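The structure appears right after this line, and notes come after that.
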Amino acid sequence: MTESSGPALVVGLGNPGPEYERTRHNVGFLVADVLAERVGGRFAVHKKSGADLLQARLDGRQILIAKPRTYMNLSGRPVAALAKFFQVPPAQVIVVHDELDLPFGTIRLKQGGGEGGHNGLRSISQALTTKDYLRTRIGISRPPGRQDPADYVLKPFAAPERKEVPVIVEQAADAVELLLKAGLETAQNQLH
C-alpha cells in the first residue's frame with residue numbers, strides 16, 4: 001500500500017447478533033470496535049451498503065471503519081458497496097479477520113493471497129473481483145482434536161484465551177493504524 005490521500009476502508013469481519021458476539025469468528029468486529037473507540041466515534045447504519053459504518057480521520061486521512069450487518073459468508077456485498085460508494089480501490093481496503101493457520105494471538109499483515117477456506121474472505125474476493133486487498137490476520141489457532149473448524153470458529157474463546165483477547169485486539173488495532181500510517185512494507189517490517 002502506498003501513501004494515499006484517498007479514503008481507506010477498514011472492515012472488521014464477524015457475524016451479527018448477540019449469540020456470536022464473543023466467538024473466535026468475531027475478532028474482526030472487536031478490532032473495529034476498538035478503532036471506533038480510539039477515534040471517539042459511533043457506528044451508524046449505512047443504508048446503501050448494509051454495514052455499520054463510522055467515518056473518521058487518521059493523520060488527516062479519511063478512514064471508513066465498517067462492520068457488515070450480514071453473516072460472514074455474505075460479507076462481500078456490503079464491502080464492495082462501501083468501496084464503490086466511497087471510491088476506495090481494493091488496495092486501500094483492509095479486512096480484519098480471524099485466521100486458523102496462525103497461532104493464537106499472532107497478528108500478521110499481508111496483501112492478496114488465498115482465502116484459506118475463510119468464507120468471509122471468499123465472499124469479499126468475489127464481490128471485489130480481486131484478492132488484492134489488505135488483510136490484518138489474527139491467529140485463533142486450529143481446533144483441537146477432530147473438532148470441525150466451522151464449529152470451532154463459532155465457539156467462544158476458551159477461558160484462558162478470553163483473558164488475552166482484549167490485549168490481542170488492541171495489538172491488532174495498533175497493526176491496522178500502523179498499516180494506514182506507514183504502508184504495508186514498513187508495517188510488516190515493524191510487526192513481523
Every pair of residues 6+ apart whose Cβ atoms lie under 9 Å, when the first sits in the stretch 47-64 and is acidic (D, E) while the second is buried (at least 16 other Cβ atoms within 10 Å of the Cβ) and part of a strand (DSSP E or B):
D52/H46; D52/I65; D52/A66; D52/K67; D52/P68
Near pairs, Cβ below 8 angstrom, 6+ apart or cross-chain, from the stretch 133-157 (assigned to a strand (DSSP E or B)) to any residue that is surrounded by fewer than 11 Cβ atoms within 10 Å (Cβ to Cβ):
G139/P103
Which of (1) closer than 23 Å to L35 by Cα; (2) open to solvent by less than 60 Å² (accessible area, probe 1.4 Å); (3) within 18 Å of the chain's Cα centre (by Cα); (4) of a type outside the set (S, T, N, Q) is the odd one out, the single condition A127 does not satisfy?
(1)
Hits in the stretch 152-173 (condition: farther than 13 Å from G28 by Cα and open to solvent by 80 Å² or more (accessible area, probe 1.4 Å))
K155, P160, R162, K163, E164, V167
Restricting the stretch 87-97 to residues that are in contact with a Leu (Cβ under 6 Å, 6 or more places away or on another chain) and hydrophobic (A, V, I, L, M, F, W, C), which is nearest to N15 (Cα to Cα)?
I94
Looking only at the stretch 28-59, how many residues end up being closer than 27 Å to A150 by Cβ, touching a helix residue (DSSP H, G or I) at 6+ places or on another chain (Cβ under 7 Å) and not hydroxyl-bearing (S, T, Y)?
5
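Conditions tested, residue by residue: (1) open to solvent by 60 Å² or more (accessible area, probe 1.4 Å); (2) touching a Gly at 6+ places or on another chain (Cβ under 6 Å).
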position: T23; (1), (2): no, no
position: N26; (1), (2): no, yes
position: F29; (1), (2): no, yes
position: R38; (1), (2): yes, no
position: Q55; (1), (2): yes, no
position: G60; (1), (2): no, no
position: K67; (1), (2): no, yes
position: P78; (1), (2): no, yes
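The values are calculated or read from the model by the stated rules, or taken from the named source; none is laboratory data. Note that the coordinates shown come from a computational prediction; the quantities given were computed from them, not determined experimentally. When we count neighbours, we look across all protein chains shown, and the Cβ atoms used for this are built from the backbone with ideal geometry, even at glycine. With ligands, DNA and RNA removed, areas are computed over all heavy atoms of the protein, side chains included. Shrake-Rupley method; radii C 1.70, N 1.55, O 1.52, S 1.80 Å.
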